[in-house]
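A quick write-up on the structure given underneath.
The values are calculated or read from the model by the stated rules, or taken from the named source; none is laboratory data. All values reported here derive from a predicted model rather than from experimental measurement. Every residue, glycine as well, gets a Cβ built from its backbone with ideal geometry; the counts of neighbours run over all protein chains shown. Surface accessibility is based on the protein's heavy atoms, side chains included, excluding ligands, DNA and RNA. Shrake-Rupley method; radii C 1.70, N 1.55, O 1.52, S 1.80 Å.
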Amino acid sequence: MTHGPYAGLHVLVLQPEPDEHEKFPFLDLPAEIRNMIYSLVLERPGYHIRLSGKHSGTIQTFWYNPKGRYIPRDQIYSTSLMRVNKQISVESTPYLFSRHTFEFTDSTMMQRFLEYLGPERTKSLVSVVVNQQYAISIRQAYDLLSVATSLTKLEITTSYWYPYGAHILLEWPSVLLPVFHSLCSAGRSRDEVFDMITIKGAVRGSCPEHGTFRIDLDKDCKNEIKAYENFRKKLRDDIDQEIDKAEAKKEAIKRGSPVKTRAGRKTKAVDYSGMED
Ligand SMILES: [Zn+2]
């Protein structure tokens, strides 16, 4: 070596390679033991995995503990075990995807991630959060999600990230129409879909005790809970109406019958309902 504290000394580089008999026969272990190992390596109960990044390029993953605190990558065990081979990947998949909440910055990110994941692994998802809905990706994103037959929790936080004063109240029924369409096409009932959906940041109100609120459902405030219940009741009615309207339109198009426009003129039906097969 010519530089540094070892200057003047010779270096011998050895690269140890395990003999065949020294390799650990992981797949020879009983399935229960392998499952225990998957659980220990991959499972972080109550943790969120947030996926974000630019819409083209690398998808980044960030882990958050149940209290919402970011956990640096080096404090999370590696998921590289899952990439060892096909069998291990299949066996270990539920330990990552069924045991954590997957949070997407927006529907485009969800679409990208689910395309990458493929339907087999998407099936394992049970809990999903989507922060922003984009018209450009919402249909595809929820179509991809519809194969997640074990999904029980879908949190939608559209408008949550807008500045507090902006007060943008979305057309929730129309935002949710494609969500219902995708998930119901996969065999779920409207009730089932409605029950799994939580909406955050949807309603503004105030409470004498807690002050102004914007529904985030984390607080123990009766007024906030009541405002949310009222919001949901109305939303359910509105969604039923929207879906029925969209289905009627679809029927009309099938029959080729003209529908009345708002101006009362008769015109051929155009499908802007977004309810085609
Ligand atoms: Zn209160």
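For residues in the stretch 103-143 being more than 21 Å from Phe62 (Cβ to Cβ) and either crowded, with 22+ Cβ neighbours inside 10 Å or touching a strand residue (DSSP E or B) at 6+ places or on another chain (Cβ under 9 Å) (or both), which is modelled with the lowest pLDDT? Spell out how you get there, then give the answer.
Here is the first cut: in the stretch 103-143, the residues more than 21 Å from Phe62 (Cβ to Cβ) are 118-120, 123, 135-136, 138-140, 142-143.
So of that shortlist, the ones also either crowded, with 22+ Cβ neighbours inside 10 Å or touching a strand residue (DSSP E or B) at 6+ places or on another chain (Cβ under 9 Å) (or both) come out as 138, 142.
Details: Ile138: 91, Tyr142: 95.
Per the criteria, the residue is Ile138.
Answer yes if at least one residue in the stretch 262-276 is open to solvent by less than 50 Å² (accessible area, probe 1.4 Å), away from the ligand (no atom under 16 Å from the Cβ), touching a Pro at 6+ places or on another chain (Cβ under 8 Å) and modelled with pLDDT of 85 or more, and no otherwise.
Residues of the stretch 262-276 open to solvent by less than 50 Å² (accessible area, probe 1.4 Å): 264, 269, 273-275.
Checking the rest, the ones that are also away from the ligand (no atom under 16 Å from the Cβ) come to 264, 269, 273-275.
Checking the rest, the ones that are also touching a Pro at 6+ places or on another chain (Cβ under 8 Å) come to 269, 274.
Now drop any that are not modelled with pLDDT of 85 or more, which leaves none.
No, the conditions are met nowhere in the stretch 262-276.
On the given criteria, is Ile49 closer than 20 Å to Val128 by Cα, among the hydrophobic types (A, V, I, L, M, F, W, C) and touching a His at 6+ places or on another chain (Cβ under 9 Å)?
yes
Only one residue in Gly8, Gly68, Gly46 is small (Gly, Ala, Ser), within 17 Å of Leu96 (Cα to Cα) and loosely packed, with under 14 Cβ neighbours inside 10 Å. Which one?
Selected residue: Gly46, the only one of Gly8, Gly68, Gly46 that is small (Gly, Ala, Ser), within 17 Å of Leu96 (Cα to Cα) and loosely packed, with under 14 Cβ neighbours inside 10 Å.
Could you identify the single residue in Ser89, Ser39, Ser52 that is within 30 Å of Ile136 (Cα to Cα), surrounded by 11 or more Cβ atoms within 10 Å (Cβ to Cβ) and in contact with a helix residue (DSSP H, G or I) (Cβ under 7 Å, 6 or more places away or on another chain)?
Working: Ser89 fails: within 30 Å of Ile136 (Cα to Cα); Ser39 fails: within 30 Å of Ile136 (Cα to Cα).
Matching residue, one of Ser89, Ser39, Ser52: Ser52.
Among the residues of the stretch 176-193 satisfying the criterion of being of a type outside the set (D, E, K, R) and surrounded by fewer than 18 Cβ atoms within 10 Å (Cβ to Cβ), which is nearest to the ligand (Cβ to nearest atom)?
First, pick out the residues of the stretch 176-193 that are of a type outside the set (D, E, K, R): 176-187, 189, 193.
Checking the rest, the ones that are also surrounded by fewer than 18 Cβ atoms within 10 Å (Cβ to Cβ) come to 184-187, 189.
Values: Cys184: 35, Ser185: 39, Ala186: 38, Gly187: 40, Ser189: 34 Å.
Among those that are of a type outside the set (D, E, K, R) and surrounded by fewer than 18 Cβ atoms within 10 Å (Cβ to Cβ), it is Ser189.
Say we look at the stretch 204-219 and pick out the residues that are over 24 Å from the mean Cα position of the chain (by Cα) and either surrounded by 15 or more Cβ atoms within 10 Å (Cβ to Cβ) or among the aromatic types (Phe, Trp, Tyr) (or both); which of these is nearest to the ligand (Cβ to nearest atom)? Spell out how you get there, then give the answer.
First pass over the stretch 204-219, keeping only residues over 24 Å from the mean Cα position of the chain (by Cα): 204-213.
Next, only the ones that are either surrounded by 15 or more Cβ atoms within 10 Å (Cβ to Cβ) or among the aromatic types (Phe, Trp, Tyr) (or both) stay: 205, 207, 213.
Values: Gly205: 9, Cys207: 3, Phe213: 7 Å.
Result: Cys207.
Anything in the stretch 220-249 that is charged (D, E, K, R), within 16 Å of the ligand (Cβ to nearest atom) and surrounded by 14 or more Cβ atoms within 10 Å (Cβ to Cβ)? List them, or say none.
Pass one, the stretch 220-249, residues charged (D, E, K, R): 220, 222, 224, 226, 229, 232-234, 236-238, 240, 242, 244-245, 247, 249.
Of the ones still in play, those that are also within 16 Å of the ligand (Cβ to nearest atom) are 220, 222, 224, 226, 229.
Scanning the stretch 220-249 gives a single hit, Glu224.
May I ask you to list pairs of residues, at least six apart or on different chains, whose Cβ atoms are under 9 Å apart, with the first in the stretch 234-253 being without any contact (Cβ under 8 Å) to a residue 24 or more places away in the chain and the second being aliphatic (A, V, I, L, M) and open to solvent by 40 Å² or more (accessible area, probe 1.4 Å)?
Sorted first by the residue in the stretch 234-253, then by its partner, the pairs are Ala248/Val259; Ala252/Val259; Ile253/Val259; Ile253/Val270.
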